[in-house]
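Have a look at the structure below before the remarks.
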Amino acid sequence: MSKFMTKNILLAFFTLISLNLLAQQAVVEPVTMADQLRADGKIWVVVAVIGVVFAGIIAFLISMERKIVELEKQIKK
């Protein structure tokens, strides 16, 4: 094994270990915004807005795909 590969393997190993250690830290402050939205019943408004945004993105992608297919058919003619 070359010296370069050994350094890369060690770097990857230590990076993975450090990420694992960071994931185990305790949460110091709870997220109060989400609790407040849930208590007020407004969390469903947030969920609805996110759903509408995703639906808009999907509709846009579908329309773009149809236009691209149409242009590809015109190019083949």
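Since every read-out is calculated from the coordinates, none of them should be taken as a lab result. Since the structure is predicted, the reported quantities are computational estimates derived from the model, not experimental observations. Don't worry about glycine lacking a Cβ; one is built from the backbone with ideal geometry, like all the others, and counts go over all protein chains shown.
Calculate the spin-label point distance for residue 55 paired with residue 13, positioning each point 7 Å from the Cα along the beta-carbon direction, and give it in nanometres.
So the label points at residue 13 and residue 55 sit 5.3 nm apart.
Calculated FRET efficiency, residue 73 and residue 47, Cβ-Cβ r, R0 25 Å, to nearest 0.05?
0.05
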